[in-house]
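Here the structure is laid out as C-alpha cells; the discussion comes afterwards.
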Amino acid sequence: MVSNVYSKSYINASVSQAAQSDIILNTRLIPALEASTAPSQAPHGINVHSLFCAVAMDFISAYCFGIRHSTNFIKDKSHREHWLKLYTTRKGYGFFAQELPRLSKAFERLGLSLTPRWVGAANRELEAWCKELSDAAIKGLGESEPLLNSADDPVVVRSLLAGYEKEKHMHGQDSLIYSTTILNPELSVASEAFDHVTAGQETTGVTLTYLSHHLSQSLGLQKGLREELLSLQPNMVLRDGMMAMPDSQQLDRLPNLHAMILETVRRYAPAGGPEPRVVPFPSCHIGPYEVPGGTRISASAYNVHRDEQTFPNSEQWDYTRWLVDKEAAQRQFWGFSSGGRMCLGSNFAMHGS
Ligand code: HEM
C-alpha cells in the first residue's frame, strides 16, 4: 500500500523529500557539525552514533509526517536522548511478544506480564509519541489550507490514507482489512508509521556511524569520496554555510559512495537477523534439503555476509570489492533481506546515507 513512495524513482523525483533534506542538512546537521569543531568541544567531540540516529529519525519522520510534524532530534538533544533511552530499554525483551504472542496476551488478561513492567511502559510512551505525530499529520491534511511548503507534505501518511480509501471503495466490508484498518484508519496509520521510524532510525544510524569511523581512519578514503562528491552538478561545496541539494539521480550513480555504503551494510549488517520465515506447504527445497511446509526457518545476514567464497577476507571492510567483479557479491548481499518481508525502506536508507 505504501511501497510506491519508497521506490527509488519516487524518492529521487520527490520534491517534498528534496525540500525536507534541504532543511535537515542545511539548518540542522551542518550547523551541528560545525559547532562540534568549536574549541569548547575539545577533547570530547560529539557522540556520532546518537547524532546519526537523530539524523535518520529526522529524515524518516519528515517523510512520514511532513517536516512541520516531524522530530528535530538533531537540535533537540534532550528529547533525542530520552527517546533513545526508551528505545534501548526495550532491547532484548522482544522474545515473548514476538514468539509467544498468545501466551503474552493471556498473561496480560490476568494482569501479569512476561517482560519487566518498564518495557511495557517504554513501549506505551513510544507508541503514544508516534500517535501524536501521526494524528497531527492527518489533521493537517484535513485542513483546507494549502501546504505552506512542500517539505510539509506527509508523504507516507498521505499515501496510506489514499490506499485505505481505495481499498474501502473497491471492496467495502468484504475487504480483508475492513475490521482492522478501514474502521480504524488513524490507529492503523500510526501503527504503520511506528514500524517505519523504529525500523529505520537505528539501522541507518549504525550504518552512518561505522561508515564515518572508516572514513575517519583514512585521509585517502576521504579524498576519494570528496572528489567524487565534487563531480556532482551542483556540487556539495558550502557557500555561506549552506550547500545546494545534489541531484538525486547523479548522487545515486556515484560508484565509490555506493560501494562504501553497501560494504558497511555487508560488514556490520545493522539488521543482522535472525529473519524468520515459515516454509509454505507442502514443502520447499533449500540447497540439498527438503523442508516440510509449516517449518519455521531463519537466516542471518551477518553470517551470510561471511561466506569467504563470495566475500574473501570477509571480516575486512573493503569497499573495493563492490567496484569489480561484483555480480556474485550482489547476489549474496542480504543486508536488506529479500522477498515479501524485505526492507521497505532500503532505497530510502541508501538515499539518506
Ligand atoms: C541501512 C539501513 C537499513 C537496513 C540495514 C535495514 C534492514 C532491514 C532488514 C534486513 C529487514 C527485514 C527484516 C526481516 O526480514 O525480518 C527490514 C525490514 C524493514 N525495514 Fe529496514 N533497514 C534499513 C533502513 C530502513 C529505513 C530507513 C526504513 C524506513 C524508512 C526501513 C523500514 C523497514 C520496514 C517497515 C521493515 C519491515 C518490513 C516488513 O516486515 O514488511 N528500514 N529492514
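The values are calculated or read from the model by the stated rules, or taken from the named source; none is laboratory data. The shown structure was predicted, so the numbers you read here are calculated from the model rather than taken from an experiment. Cβ placement follows ideal geometry from the backbone for every residue including glycine, while neighbour counts extend to all protein chains displayed.
Here is how the numbers come out for the structure above:
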{"item": "Among (1) surrounded by 14 or more Cβ atoms within 10 Å (Cβ to Cβ); (2) closer than 29 Å to Cys64 by Cα; (3) not hydroxyl-bearing (Ser, Thr, Tyr), the one test that Gly339 misses", "result": "(1)"}
{"item": "Lone unmet requirement of (1) farther than 29 Å from Phe336 by Cα; (2) buried (at least 19 other Cβ atoms within 10 Å of the Cβ); (3) in contact with a Ser or Thr (Cβ under 9 Å, 6 or more places away or on another chain) for Gln173", "result": "(2)"}
{"item": "Only one of Ala162, Ala151, Ala106 that is among the hydrophobic types (A, V, I, L, M, F, W, C) and closer than 30 Å to Leu33 by Cβ", "result": "Ala151"}
{"item": "First in the range 58-82 and over 26 Å from Val5 (Cα atoms), second anywhere and of a type in the set (A, V, I, L, M, F, W, C) and not in a helix (DSSP H, G or I), Cβ under 8 Å, 6 or more apart", "result": "His79/Phe73; Arg80/Phe73; Arg80/Ile74"}
{"item": "The range 334-353 residues that are under 12 Å from Phe59 (Cα atoms), paired with ones that are of a type in the set (S, T, N, Q) and more than 6 Å from the ligand (Cβ to nearest atom) (beta carbon under 9 Å, 6 or more apart)", "result": "Phe348/Gln17; His351/Asn12; His351/Gln17; His351/Ser21; His351/Ser248; Gly352/Ser21; Ser353/Thr264"}
{"item": "Condition met for Asp307 (surrounded by fewer than 18 Cβ atoms within 10 Å (Cβ to Cβ) and closer than 30 Å to Ser231 by Cα)", "result": "no"}
{"item": "Condition met for Asn12 (of a type outside the set (Ser, Thr, Tyr), in a helix (DSSP H, G or I), touching a helix residue (DSSP H, G or I) at 6+ places or on another chain (Cβ under 8 Å) and under 30 Å from Lys168 (Cβ atoms))", "result": "no"}
{"item": "Scan of the range 154-197 for residues that are within 9 Å of the ligand (Cβ to nearest atom) and at pLDDT below 95, ordered by number", "result": "none"}
{"item": "Residue pairs meeting the criteria (Cβ under 6 Å; at least 6 apart or on separate chains; first without any contact (Cβ under 8 Å) to a residue 24 or more places away in the chain, in the range 268-279; second more than 7 Å from the ligand (Cβ to nearest atom) and of a type outside the set (Val, Ile, Thr))", "result": "Pro276/Arg296; Pro276/Ser298; Val278/Arg296; Val279/Gly293"}
{"item": "Test for His258: is it surrounded by 14 or more Cβ atoms within 10 Å (Cβ to Cβ), in a helix (DSSP H, G or I) and within 11 Å of the ligand (Cβ to nearest atom)", "result": "no"}
{"item": "Extreme residue, modelled with the highest pLDDT, among residues of the range 270-280 that are more than 7 Å from the ligand (Cβ to nearest atom) and of a type in the set (A, V, I, L, M, F, W, C)", "result": "Val279"}
{"item": "Considering residues of the range 311-336 that are of a type in the set (Lys, Arg) and surrounded by fewer than 19 Cβ atoms within 10 Å (Cβ to Cβ) only, the residue farthest from Pro255 (Cα to Cα)", "result": "Arg331"}
{"item": "Test: residue in the range 321-333 that is at pLDDT 95 or above and polar (S, T, N, Q)", "result": "no"}
{"item": "Every pair of residues 6+ apart whose Cβ atoms lie under 7 Å, when the first sits in the range 295-311 and is within 18 Å of Thr203 (Cβ to Cβ) while the second is in a helix (DSSP H, G or I) and at pLDDT below 95", "result": "Val304/Gln332"}
{"item": "Counted residues, the range 239-263 - those being without any contact (Cβ under 8 Å) to a residue 60 or more places away in the chain and not charged (D, E, K, R)", "result": "6"}
